[in-house]
Amino acid sequence: MLTLALSKADYLNLAYLGAAVLFIFGLKLLSSVKTAPKGNMVSALGMLVACVVTLFYVTGATAISLAWIGGAMALGAVIGLTLALKVQMTGMPQMVALLNGFGGIASLLVAIADYLRTGAFDEPIWRWDGLAATGLAVLIGGVTFTGSLVAFGKLQGLKITPGRPIQFPGQKAVIALMILGCLALTGVLIAEPESAWAVWAIVGVSMLLGILLVVGIGGADMPVVISLLNSYSGIAASMAGFVLGNQALIITGALVGASGIILTQIMCKAMNRSLLNVLFGGVGATGGSPSAGPGGGQTQQRVRDMTAEDVAIQLEAAGLVIIVPGYGMAVAQAQHAVAELGELLESRGIAVRYAIHPVAGRMPGHMNVLLAEANVPYEALLDLEQVNPEFEQAGVALVIGANDVTNPAARHDTGSPIYGMPILDVDKARSVVVIKRSMRSGFAGVENELYFMPNCGMLFGDAKAMTQALVNAVEDM
Ligand code: TAP
């Protein structure tokens, strides 16, 4: 009779395999808006399984280890929960940037701790592959940590990290040399494992490298950077998994690394950026057009002011209205008023579509989530490629709190930081109406030439109040 005797390590690996299956299944569910919450829960269950078995099988679960690890987990959970509950949806990219950064520094610390622990034995047993993984975990973890902090600062609008790309001649060569230097230091570590100085040198160079890689990228390209750093944090975790010989960490890190790089590729395509340029920290450069100053703007050109009643007349006369939501709609929480206006126009026989730019707002899918919350039918949401040919048939393109994603300068102004980014062709509609509060610029910090076009009118005010005013004006007609 065949008997199956499983060792403790077999049970551990089986549990890790189960966790990995849950992660993959969770990722699959995350790919659709409807199943995403379930995907989150399934992945979280996988993480719980991985944590519990690691705690009880790997650490040996002595009272002391449980107290230390449990205490650290409880502290981390309280901080994480507080941040997650407090963060506004518009602040999600900053939150994700911080989480990536913490992931990177955690991998770096794990790798260093394991290196120092091994070195403390009387006769340390070094393995070349463990040392290689140590060097790479420190390199990628360090880059992820400081790079994410710079990305956080840019997204948060901190003065110390200006949104414009900061570049200097030979920057890419310096970056390439720093990467090669870290790899050479890893080689030194493999050849002479006692050279702790090499580890500390990789820490220093990688942290500087993280800063250089991200300061060279313009604020408008931060969505690409965040997904790239997310991928890096996964690769760093995977390397830390090799250092510890922990299969769960290797698999989880690889999944994060792979899905992050796929998302980066998708974002690069959406922003018309080359992945290589993003990897080497040089995108959105060349100075940029003058930014409109707060409350007024620097331009001497005049814009056309409109009232809600003027706009209502145009809406009533349009066969097709395309609504273009952006960050301002999210800030004003105007999505319900927008949905109400859409329904009202539809009830008057006017076709309504919603144009969704892939980076409108401040996170991937931001506009989809908000409009779904307001029960806008999913079929009415058209992405960039679908909607752009429709603008020529539209009577009105109603831009609600969107700015950069509608700026025609992206098509021709080679000096603009958004040059090359695909935009929504709102200027091709018969009439464009823009709801915003002032002439202030959008996230990229550049003036929008759309506002000075002859077919464009401005309805100045808060997105929610103005959309509500439009609902009232259309109802009164
Ligand atoms: P933005 O270009 O950021 O412009 C938003 C506009 O909304 C601003 O010009 C602002 O003008 C207006 N606004 C703010 N609060 C408002 C309110 N309460 N009522 C009415 N208007 C208001 O937005 P966008 O067109 O959605 O483009 C997104 C930008 O963010 C892109 O540059 C993108 O690269 C970047 N970004 C995107 C992401 C992702 S993944 N989506 C992540 C990070 C960065 P006033 O101040 O004059 O009102």
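The values are calculated or read from the model by the stated rules, or taken from the named source; none is laboratory data. This structure is a prediction, so every number in the text was calculated from the model and none was measured. Positions of Cβ are backbone-derived with ideal geometry, glycine not excepted, and every protein chain shown enters the neighbour counts. Side chains included, ligands, DNA and RNA excluded: accessible areas come from the protein's heavy atoms. Shrake-Rupley method; radii C 1.70, N 1.55, O 1.52, S 1.80 Å.
Assorted remarks:
- Meets criteria (over 25 Å from Gln333 (Cα atoms), within 11 Å of the ligand (Cβ to nearest atom) and small (Gly, Ala, Ser)) for Ala429: no
- From the list Pro408, Pro422, the one residue that fits, being under 21 Å from the mean Cα position of the chain (by Cα) and more than 11 Å from the ligand (Cβ to nearest atom), is Pro422.
- Among (1) without any contact (Cβ under 8 Å) to a residue 40 or more places away in the chain; (2) in contact with a Gly (Cβ under 6 Å, 6 or more places away or on another chain), the one test that Gly445 misses: (1)
- Matching residues, the range 450-463, being crowded, with 20+ Cβ neighbours inside 10 Å, within 27 Å of the chain's Cα centre (by Cα) and either over 17 Å from Ala312 (Cβ atoms) or more than 10 Å from the ligand (Cβ to nearest atom) (or both): Leu450
- Contact map, the range 231-246: residues that are open to solvent by less than 10 Å² (accessible area, probe 1.4 Å) paired with residues that are basic (Lys, Arg), Cβ distance under 9 Å, separation 6+ or inter-chain. No pairs are found.
- Checklist (1) free of Cβ contacts under 8 Å to residues at least 12 places away in the same chain; (2) exposed (fewer than 13 other Cβ atoms within 10 Å of the Cβ); (3) more than 30 Å from Arg164 (Cα to Cα) applied to Ala84, failing item: (3)
- Single residue of Ser289, Ser231 found to be polar (S, T, N, Q) and either at pLDDT below 95 or outside any helix (DSSP H, G or I) (or both): Ser289
- Residue pairs whose Cβ atoms lie under 6 Å apart, sitting 6 or more positions apart in sequence or on different chains, and linking a residue in the range 12-29 that is outside the structural domain of Gly245 (by TED's automatic domain parsing) to a partner that is among the aromatic types (Phe, Trp, Tyr), are Leu12/Tyr57.
- Taking each residue of the range 102-124 that is β-branched (Val, Ile, Thr) and looking for partners that are open to solvent by 30 Å² or more (accessible area, probe 1.4 Å) with beta-carbon atoms closer than 8 Å, six or more apart or interchain, yields Ile105/Phe145; Val110/Leu244; Thr118/Pro124; Thr118/Ile125; Thr118/Trp126.
- Test: residue in the range 322-335 that is surrounded by fewer than 23 Cβ atoms within 10 Å (Cβ to Cβ), away from the ligand (no atom under 11 Å from the Cβ) and closer than 29 Å to Met477 by Cα: no
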